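Trainee: Got a structure for you, questions after.
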Amino acid sequence: MRKMGKACGKTKFSQSAFNHLRDLGIDIDAERQPLVFDGGFVGRDNGQKGKVKDASQSYAGHRSEAGPRKGQRARTRPGPARQAESLRSVAHETAFGDQFRILAHHYEALAFEDPNGLWVAVKTRPLGRGGPQVHLLVALPFEETISPRTWAFEAIGNQAELFPLKHTNFPDASVCAFTKESGAWEPKDGLTALLDHYSLWIIKSWHRTHLDLWPGPQVGACAYYRRQEFKPDEWCGCESGKRYFACHQYKDIQVADQIGRRQFRELFSSNYEDRAAPQSVMLAARSRWKILPDMAAVFILRHAWGESRMPLS
């Protein structure tokens, strides 16, 4: 019988996958960036010569034009890649067709057209075969000034289970893998690079859940948020390079709870406790993507980080 490691939702890590998660956390926390391979597998950079795109670093300043990632990543799936069909509408094919076909070459993905953009359902295995499969639902608006929004599920179907809320947006619990201001990802970087970022976010989320630490730099928007979400040994969110206990923790503790909550509401237009995925997104996961949300309605549910609301079609 194979020895099993830590539990993860309704699935388990193999011992080797758990060890790999631990080692990835050590690397990320020391700012040694991992590599993302086909299928979303996140591997350690041991000086290997495989030409694989490092999605954990900012693409700003050294990004190439959007297009096929020929020679950039090592294929891990046997056999020829399955050719995705063209999207049905001219508008969707023009906006997303090429990038979705590239994505489908590297990840198992399905596309669903919406009047305001494209829904993409993706499967990723950041820890490989010894780790759980994760399901992502990605909303890609036609309007590029509105950032994509993604929800991560440890399980779909009747027992659909959303990922823990750490580093998710308010109030809709969508994945917060990077901030818009960081320049870590832009639309011209392509959908595959976006999914690589999400695969790396999953590794960090699992590490926090099972090893009690969010590895690597993170963003803390205000005192109340940091007090609720940051562990003392995690990086502070102010880019000082210090740990939270050695930086903002003492100042944050001095902020009165009522003042901290008010500051949080001013930033996020919601209370910290109100974070939850929209019911239409949960229904989509329970239906295994047979019932997709109305994209405009989902985006209007929150006004975050100064983004414009999606115009209704």
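The values are calculated or read from the model by the stated rules, or taken from the named source; none is laboratory data. All values derive from a computational prediction rather than experimental measurement. A quick note on method: Cβ atoms are made from the backbone with ideal geometry, for glycine too, and the neighbour counts reach across all protein chains shown. What goes into the accessible areas is simple: the full protein's heavy atoms, side chains included, and nothing from ligands, DNA or RNA. Shrake-Rupley method; radii C 1.70, N 1.55, O 1.52, S 1.80 Å.
Trainee: Just check the stretch 85-180 against the gyration tensor rule for me: Cα atoms, a ≥ b ≥ c as the square roots of the eigenvalues, rounded for a/c under 1.5, and otherwise prolate or oblate depending on whether a/b exceeds b/c.
Mentor: It is oblate, given that a/c is not under 1.5 and a/b is not larger than b/c.
Trainee: Where does the Debye-calculated log10 I(q)/I(0) of the stretch 177-245 sit at q = 0.19, 0.26 Å⁻¹, using only Cα point scatterers of equal weight, no solvent?
Mentor: Result of the Debye calculation: -0.83, -1.19.
Trainee: Is the stretch 176-313 best put as rounded, prolate or oblate by its Cα gyration tensor, with a ≥ b ≥ c the root eigenvalues, rounded for a/c under 1.5, and otherwise prolate when a/b is larger than b/c, oblate when not?
Mentor: Because a/c hits 1.5 or more and a/b exceeds b/c, the stretch 176-313 counts as prolate.
Trainee: Could you report the stretch 88-203's accessible area per residue, 1.4 Å probe, as an integer in Å²?
Mentor: Per residue, the stretch 88-203 has 35 Å² of solvent-accessible surface.
Trainee: Continuing with the same structure: About its Cα centre, what dipole magnitude does the stretch 149-293 give when the only charges are +1 on Lys and Arg Cβ and -1 on Asp and Glu Cβ, stated in debye to the nearest 20?
Mentor: For this selection, approximately 160 debye.
Trainee: Right, next: Quickly rank 86-93, 107-114 as a protection proxy: mean count of other C-beta atoms within 10 Å, highest first.
Mentor: Highest mean packing first, the order is 107-114, 86-93.
Trainee: Which value, in Å² rounded to 10, gives the accessible area of Ser182 with a 1.4 Å probe and all protein chains present?
Mentor: Looks like 60 Å² after rounding.
Trainee: Leaving out ligands, DNA and RNA, and with a 1.4 Å probe, what % of the accessible surface on the stretch 137-228 is carbon or sulfur?
Mentor: 48
Trainee: Take Asp274 and Val219, extend 7 Å from each Cα along the Cα→Cβ direction, and tell me the distance between the two endpoints in nm.
Mentor: Here the answer is 2.0 nm between the modelled labels.
Trainee: Which of rounded, prolate, oblate describes the stretch 215-290, given a ≥ b ≥ c as roots of the alpha-carbon gyration tensor eigenvalues and a/c under 1.5 marking rounded, otherwise prolate only if a/b is larger than b/c?
Mentor: It comes out oblate by the Cα gyration axes.
Trainee: Can I ask one more? Take the Cβ-Cβ distance between Gln15 and Gln228 as r, set R0 to 35 Å, and report the resulting FRET efficiency rounded to the nearest 0.05.
Mentor: The computed FRET efficiency comes out at 0.60.
Trainee: So for each of 233-242, 28-37 I average, over its residues, the number of other beta carbons within 10 Å; can you give me the resulting order with the highest mean first?
Mentor: Top of the packing list down: 28-37, 233-242.
Trainee: Using a Förster distance of 22 Å, how high is the FRET efficiency between Ala91 and Glu144, based on the Cβ-Cβ distance and rounded to 0.05?
Mentor: Calculated value: 0.95.
Trainee: Give me the distance in nm between label points sitting 7 Å out from Cα along the Cα-to-Cβ direction at Leu211 and Lys166, one decimal.
Mentor: Modelled inter-label distance: 1.1 nm.
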